[in-house]
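These notes concern the structure reproduced below.
The values are calculated or read from the model by the stated rules, or taken from the named source; none is laboratory data. As the structure is a computational prediction, the values presented were derived from the model and not from experiment. Please note: Cβ atoms are built from the backbone with ideal geometry, for glycine as well, and neighbour counts cover all protein chains shown.
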Amino acid sequence: MTDGQGAFRYIGRPRRTKEDGRFVAGRGRYVADIRLPGMKHVALVSSPHASARILSIDTRAALATEGVSAVVAGEELAKATASMQHGVDAPGIPWYPLAAGAVHYAGEWVAAVIADSRYVAEDAAEKVVVAYEPLPAIVDPEEAFASTVRLVHPDHGSNVLFHRKFVWGAVDEDFTAAAHSLDLRVRWGRSSTVPIETFGAVARWDPGEEILDVWASVQMPKYGDQIAEALRLKGNQVRVHQDVDVGGSYGVKRGLKHAILVGYLARKLGKPVRLIEDRLENMSGGDAHGPDRIFDVSVAFDADGTVRSMKMRALDDCGAYPGRAPLQLGKPVGSIVGPYRIASVAYEAISVCTNKTAQVAVRGFGQAPTTYAIETAMDRVADHLGLDRIELRRRNFIRADQFPYMIPSGTEYDSGDYHAVVQKLTDLADYPVLLKKRDAIRQAGKLAGIGIAAALEPGGGNASFEPLFNPRNDTTLWPESCTVKVDRTGAVTVLIVTSSAGQGHQTLAATVVGETLGIDPAAIRVVHSDSLSSLPGNSPVASRMAIMLGGAAQKAAEMIRERVVRIAAHNLGRDPASLVYRDGAVAASDDPSRRLSWDEIVRICHRQYHLMPPGMEPGLQASYTLQVPKGGTMPTGDGRVQMYPCFSFEAHMALVEIDPGTGKVEIPEYYVAHDCGTMINPLIVKGMLLGGIAHGIGAALYERFEYDETGQHLSGTFMDYLLPSSLEIPMVKVADHCTPSPLTSHGQKGAGESGYPGSPAAVASAVNDALAPLGRRVDALPIRLGHLGALFGGLALKSGT
Amino acid sequence: MKAAAFDYVRPTTLREACGYLADRSVEARVIAGGQSLVPMMAMRLVRPGLLVDINDIGTLSGIARDGDTVVIGAATRQAETARSAVVAKELPLLALALPFVGHDQTRNRGTVGGSLAHADPSAEIGLVAATLGATIAATDGEAERRIGAADFFLAPMMTALEPHECLTAVRFPVWDGAAVGAGFQEVSSRDSDFAIVAAAAQLALDRDGVCRRAALAVANAAPTPVRLHRLEEALLGQRPSEAGIDRLLPLVDDAIDPSSDLHASADARRHIARSLVRRALLQAADNAAKER
Amino acid sequence: MAEKRITVIVNGERHSAVVEPRLTLVDFLRDALDLTGTHVGCEHGVCGACSVLYDDVPIRSCLMFAVQADGHRITTVEGLAEPDGGLSLIQDCFWEAHGLQCGYCTPGMLIAAHALLQRNSDPSRQEIRKAISGNLCRCTGYGQIVEAIELAADRLNQRTPASGDHD
C-alpha cells in the first residue's frame, strides 16, 4: 500500500484549522450577524393549502401597521423578475420567489412583508388576507406519474419533469444467461440535511454604483449570475460576498429565490433588506427538501454470487418545482454499478412533481439513495445464495489491478483497492467477534443485527449529468480558481472564490500552498474574494474542493515557485535546473552559498526591476483556473459520458440492537474504513466522514418530511422532524486507507460527502439482519420506532427483560 | 417565530398574581419556566395579552414533607426537584421519572407546576401525579382549592384549572412503612423527546414479599394519564413474578385508548404500553425487594 | 404594550435597557448588546444553538424573554474567554480536536461543555454524550466534539501534556 501521507510536510498532518479559532471564540460572521444602516426585515405569508388558486390578496391592514415599509405579492415579482431556471427542460413551470396566481405546495410563500423588525413584520404578515380557491392536491408520486388530468402545473401538460431509460450493455442477454435473478423495491424517504442555521440573505442596492451587494448563507454555483439574470441585471451589477460564514449547508443552501426577493426589495425600497428564514419558513417554504425516491431493482447473478447485470427504475418525487432536483437522478449514473464489476445496466430515471415543498441538492446529489438500493440488492443476493454478505461483495468488487476501470455508463473510476479497505474494516470491527456479540444479544432476548455497506463517493464535479439530462445544456466546464500573492513584506495571501460552510477551505488552500512553497500554512492568509473580484469557480458542491481548489492552489503556488527560481537563476547567473528551491530560498545545488533568500527575491519582484529577468511581470502573484480532470466531453447518443473523475470508497459495519418490546433501535458499535486518497488535513476529513454518517443515521432511522393525503406538511418543526443528538449517534471507529488518485495534484480525492453514501444502507442492512430471525424485512427509510413497534405488536413479541 | 405582543408583570405575592389573572379584560397567562409556553407563543399558537411571571413569588418554590405527603411548590425547578434528597427518599417514583423530563437545560428552567398545568399527555410529572393520586393545589387569590390528580387532567393540554386560578403546589402521597419500590419506563424516538409511551409503577411489599399496595399508570396511551386499577387490584395479595405479570398484561389493553400520530400508530402504542408496564412493574418489584 | 427597563449582568458587565416584553433573551443579547456569538437555530427550544449560562446554569435563551432576565447574570460564549481575551481551556480543546466545522452550534455546545466540566471535572464518555445531547450539531456527528471535551477533561486532570500544535 502506498501511503501518500508520509511524503509531505504539511499535507496529511492533523493541524489545527484556520477557521476554528474564530468560531470557538464566538466570532463567526454569519448572515444574521450583518448589520447595515437602515436595514429592513422580511417575514413571509405562506399558503395553508397544498394546491389552490389565489383569488385575492388584501394587504391594507398589513400596510397600515406601524413600522411596515411595504407588502409585496407574487404578481409584482412575476412582472419584475425573470423566472428561475430549471436544470431540466421543463416548460410551463414558471418559478418565482412568491407564488403568482396559484400556490403549489403548503407553505409556499405568497407575500412578503417588509418592516423595521422581524417582530413587526410577523405582526403585519398575520394581517395579510389571502383568499384561496383550494384545488385537489396530488401527493403520491406514482399517481402523479400516471395521471394526465390531475396536474401540478397544467401548462406543463403532465407531472413528468424528466423520463429517460438508459441501456448500457447487453442487459437482456445477461439476464437470460444468468443462473438467478431477483427483484426488490425500496423506498428512500423524503429527508434533508437541515442545517442548524436556516437560509438567510441580505441585499443592498447602490443606485450610484448601480450595484447590488448580496450577503447570504449560501452554497450555490453561479449564484451571482443567476441573481443577475432573474433581476435583469448584468453580471457585473451583482456582487456576492463570499466571506460570509455559512452555518452548515451539505448541499441545501441554494437560496436563489431568497436573494431575488431581497434584491428586488432592496432596489424597490432603496434600503438594505434582510430575510432570515425562521424555522417554520425553512422547513416548509425554503425549498430544501431532499430526494424522495422509489427504486425497483432487478439483479441477475450466477450461483457463485457474481452479479452480471442490473435493472433499476428510480421514481423521484421532486415536489412542486424542479429546479436542479431532477438532476439528482443523473449524478448516480456516474457510479451506477457502485464498486462492483456489473457488466450491464438498464436505468430508468423518472422525476415527477407533486404538491409538496420543492427538492434541492442534498449531500451526494442522489448517491446515498442509490447506494441504499444497490446495497440492499447485494444483501438480498447474499441471502438468496446463503453467502456471507461481505464475501458476496468481495466476489463482486472491482479489483485493485483493474483501475482505471470503465463502467458501462461511460465513467472511468480512477483508482481504488476495495478489498484492502474491506479487510481493514473487518479487522477494525473484529468481525468474527462482532458476530458473537450479535448472537449474545440475541440470546439475551433482544433483536440484534450487523449491517454492511460498501459505497463510492464520487468527487470532482464534472456535472455531465447536466447535458445528459438536458441536451439543450451543453456545459462541459466546471472550473475552480486560486490566486496566490506575495506582498512587499514577503507575506503570502491566497484568494479563493467560494463561500465555506465548515469544510475548512481556508485550511485546505493554505496547506496546499504552504506545501508547494515550503512555507508554514499558519503564516499564509486565505481570503474569500467577492463574486466580482473572483476568477471562475463552481462552489463546494460535488465533493470537489480538495480536488479542484487543491489543484488550482497547487498550480498557482507552483507558478510562484517557478518564478522565484527564474529570478534567482537570473541573479545567480545559473541555469534554473541547477538550482534547488527550499522553503522560499533558492540556492545552487553544487554551492549552497550561492543563494538568494525569500526576502531578497521578494524585494527584487516588488522594487528592483533592474534585477528582474527581461520580460517578466513585476510583483509576485499568480492565478490559476483549473478545469476538472477528465471534463470536457458531451454524452454519446446512448447516454454514456465521463462524470466525476475521482472515486473515494467507504465500507461500513454497524451493530444494531432492537428492543422487541418497544421497537427502539440503538447502534452500540459502528465501524467505517475510508479511502479518499491523500488526506490534506485528516482532522477535516474525519469530521466530514463522521458528520456524513450522522446524516445517514438520521435518514435511516429518524428523519422524514411527513405529508398527509391532502398535502399538509406535518413535520415542520424540530419536534416532529427529528434530528439525531449525541445519544443517537454512536462513537464511530475509523480506519483509513490511501489509494491516491493519479488525476490530482497530490493524490487527493473528495471527502466532503463521505459517510452519507454508505451509512443509511449499513443501518438498513443491520436492521434487516436483526429482523431476519423473525422472517421480516423493512424496505423503506426511515425505519422508525413506531413502525417497528407496530410490527412487533403484530407478531406478539415478548418484551424481553 | 416571534411572539405576539403582550404586557408583562412580575408580582411578588400570590394575591397580586391572582389579581392579574382575575382581570377578564385581557387574556392573562402564568409563566413559570416557560419551556412549554414560550414555544407555543413563538408559533403564535397562544397569544396572551398579559404574562404573569411567578418566579419571584417565594412561597411557590420549595420541597417539604408535610405529614404523609411531600409538598412541592409549583414554581420549583425540575432540576432542583431532581437533586432533592427529600424526593429521593420519599418519592422514589418521581426521582426515577425526572431524568426523563426534557433535557437538563430545560429542567434548569422548567417547573413542576408548569409541567402539570401544561398537561401534555406524554408528560412524566403528570404521570407520576396520576399514579400516586397526588393532589394539585390552586388558588384564586382568596381560597385554595385541591384537585385530585384523577380529576385534574381533562384532555390533552387541558386541566381542571380555571383561567383565573394559579396552581400553587402539588402534594404527593408518601408510602411509608413496608418495602416500597418504584419503576419508571419510557420510550421515545430520541432520548429527550416526548415519550411515545411511559409507564409508572409503585409497589409496597410486606415482609413475605407479598404485594400489599400497587399503583400503576400509563402516559400517552390515552388522552390523559390512565390509572390501571384492575391491574393494580390483580397484583394485590400476590408475590410479583414475571409469569404473574405476563398473565395480567391483557388488562393493559382494556384500560388504554391510544391514538395514532406521526411518531407511532395506536397499534405500536398498545404493544409498547404492555412492554413498559411489564418492565415498570418488574423494576418496582426489584426495587421493593431491595428495601426488605 | 408597555416596554420595561431591565438591568442584566452579561459576561460580568452591567447593562441597562428598555425592551419590549416579547423580545427574547437571545434577540436581546444579539441585537441590543451586539453579542452575536449566541445563535438562533429553531426558536422553539430544541436545537440548543442559543444556550447561555443563566445564573451559572445552562438554559435556552430562545425560551426566555429578556424581561425575565432582569436582575440576573448571563454568560455567553464571548464570556468564556480568559480575562486577557485568550481562549479558555474548553475553547482551545475544541480547536485542537476540531470539535466543530461550521461553528454554528459551537457556542451553545461550549456552554454545555463548560457547564458539564464545572459540575463534573472528570466525566465519563457517556456523561459527556448526555451533557451535550440537548445541543444539536449537523456537521460533526458529535465524535470530535466528545473528543474535544475528553481532551479538556484530561488536561483539567493533568493527564496529558499541554496544548499541541497551534496554527
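The set of residues in the range A:618-637 that are among the polar types (S, T, N, Q) and either more than 16 Å from A:T475 (Cβ to Cβ) or modelled with pLDDT of 95 or more (or both) comprises A:Q621, A:S623, A:T625, A:Q627, A:T636. Exactly one residue among A:G28, A:G67, A:G92, A:G38 is under 30 Å from C:T75 (Cβ atoms) and in contact (Cβ under 8 Å) with a residue 12 or more places away in the chain, and that residue is A:G28. Test C:Y104 against the stated conditions and say whether it is more than 12 Å from chain A (Cβ to nearest Cβ) and modelled with pLDDT of 95 or more. It is false that C:Y104 is more than 12 Å from chain A (Cβ to nearest Cβ) and modelled with pLDDT of 95 or more. In the range B:30-71, which residue that is hydrophobic (A, V, I, L, M, F, W, C) and over 30 Å from A:A43 (Cα atoms) is surrounded by the most Cβ atoms within 10 Å (Cβ to Cβ)? Among those residues, the one meeting the criterion is B:I54. Residues in the range C:113-144 that are out of contact with any His (no Cβ under 6 Å at 6 or more places or on another chain), facing chain A (nearest Cβ under 10 Å) and of a type in the set (G, A, S): C:A131, C:S133, C:G141, C:G143. You will find that of B:S84, B:S115, the residue that is within 14 Å of the chain's Cα centre (by Cα), closer than 23 Å to B:A219 by Cβ and of a type in the set (S, T, Y) is B:S115 and no other. For the condition touching a residue at least 40 places away in the same chain (Cβ under 8 Å), in a strand (DSSP E or B) and farther than 24 Å from A:E122 by Cβ, C:I9 qualifies. Could you say whether any residue in the range B:226-238 is touching a residue at least 60 places away in the same chain (Cβ under 8 Å), more than 14 Å from chain A (Cβ to nearest Cβ) and under 18 Å from the mean Cα position of the chain (by Cα)? Within the range B:226-238, one or more residues are touching a residue at least 60 places away in the same chain (Cβ under 8 Å), more than 14 Å from chain A (Cβ to nearest Cβ) and under 18 Å from the mean Cα position of the chain (by Cα). In the range A:764-801, of all residues being under 24 Å from A:A455 (Cβ atoms) and assigned to a loop (DSSP other than H, G, I, E, B), the one that is nearest to the other protein chains (Cβ to nearest Cβ) corresponds to A:R784. I'm checking my understanding of the structure. Among residues of the range B:5-38 that are in a loop (DSSP other than H, G, I, E, B) and among the charged types (D, E, K, R), which one is nearest to A:T65 (Cα to Cα)? The selected residue is B:E27.
Going through (1) in contact with a Leu (Cβ under 9 Å, 6 or more places away or on another chain); (2) surrounded by fewer than 23 Cβ atoms within 10 Å (Cβ to Cβ); (3) part of a loop (DSSP other than H, G, I, E, B) one by one, A:V734 falls short only on (3). Within the range B:82-96, being touching a residue at least 12 places away in the same chain (Cβ under 8 Å) and surrounded by fewer than 24 Cβ atoms within 10 Å (Cβ to Cβ) holds for B:A82, B:S84, B:V86, B:V87, B:E90, B:P92, B:A95. In summary, no strands (runs of 3 or more DSSP E) completely within the range B:162-244 bear 3 or more residues that are surrounded by fewer than 19 Cβ atoms within 10 Å (Cβ to Cβ). Is at least one residue of the range A:525-542 touching a Phe, Trp or Tyr at 6+ places or on another chain (Cβ under 7 Å) and either outside any loop (DSSP other than H, G, I, E, B) or within 14 Å of another protein chain (Cβ to nearest Cβ) (or both)? No: zero hits.
Right, A:D302: surrounded by fewer than 24 Cβ atoms within 10 Å (Cβ to Cβ) and not small (G, A, S) or not? So A:D302 passes the test. Within the range A:150-162, residues that are at pLDDT below 95 sit with their Cβ atoms under 8 Å from residues that are surrounded by fewer than 16 Cβ atoms within 10 Å (Cβ to Cβ) and not hydroxyl-bearing (S, T, Y), at 6+ positions apart or across chains, in these pairs: A:R150/A:P136; A:R150/A:E143. Among helices (runs of 4 or more DSSP H) entirely within the range B:97-155, having at least 1 residues that are of a type in the set (A, V, I, L, M, F, W, C) and buried (at least 19 other Cβ atoms within 10 Å of the Cβ) singles out B:112-118, B:124-132, B:149-152. Within the range A:391-411, the residues that satisfy the criterion of being closer than 23 Å to A:V297 by Cα and not in a helix (DSSP H, G or I) are A:F397, A:I398, A:M406, A:I407, A:P408, A:S409, A:G410, A:T411. When every residue of the range A:679-701 is checked against the conditions, none turns out to be more than 11 Å from every other protein chain (Cβ to nearest Cβ), touching a Lys or Arg at 6+ places or on another chain (Cβ under 7 Å) and buried (at least 22 other Cβ atoms within 10 Å of the Cβ). Looking at the range A:28-133, the strands (runs of 3 or more DSSP E) lying wholly inside it that each contain 3 or more residues that are among the β-branched types (V, I, T) sit at A:68-73, A:109-115. All conditions but one from (1) farther than 26 Å from A:P742 by Cα; (2) away from chain C (no Cβ under 14 Å); (3) not in a loop (DSSP other than H, G, I, E, B) apply to A:A546; the one that does not is (1). Here C:F94 meets the list (1) more than 28 Å from C:D27 (Cβ to Cβ); (2) touching a helix residue (DSSP H, G or I) at 6+ places or on another chain (Cβ under 6 Å) almost entirely, failing just condition (1). For A:S648, the conditions (1) within 18 Å of A:A569 (Cα to Cα); (2) in contact (Cβ under 8 Å) with a residue 40 or more places away in the chain; (3) in a strand (DSSP E or B) all hold with the exception of (1).
Within the range C:23-55, if we keep just the residues that are farther than 25 Å from B:R190 by Cβ, touching a helix residue (DSSP H, G or I) at 6+ places or on another chain (Cβ under 6 Å) and buried (at least 24 other Cβ atoms within 10 Å of the Cβ), the residue that is nearest to the other protein chains (Cβ to nearest Cβ) turns out to be C:G37.
When B:G19, B:G102, B:G49, B:G62 are checked against the criterion of being over 19 Å from B:I125 (Cα atoms) and either within 11 Å of another protein chain (Cβ to nearest Cβ) or free of Cβ contacts under 8 Å to residues at least 40 places away in the same chain (or both), a single residue qualifies: B:G49.
Taken over the range A:703-722, residues that are within 14 Å of chain C (Cβ to nearest Cβ) and either surrounded by fewer than 22 Cβ atoms within 10 Å (Cβ to Cβ) or without any contact (Cβ under 8 Å) to a residue 24 or more places away in the chain (or both) amount to 5. Screening A:G750, A:G755 for residues that are outside any helix (DSSP H, G or I), more than 14 Å from every other protein chain (Cβ to nearest Cβ) and under 21 Å from the mean Cα position of the chain (by Cα) leaves exactly one candidate, A:G750. If the condition is being in contact with a helix residue (DSSP H, G or I) (Cβ under 7 Å, 6 or more places away or on another chain), buried (at least 24 other Cβ atoms within 10 Å of the Cβ) and within 8 Å of chain A (Cβ to nearest Cβ), then the range B:268-282 contributes B:A268, B:H271, B:I272, B:R274, B:R278.
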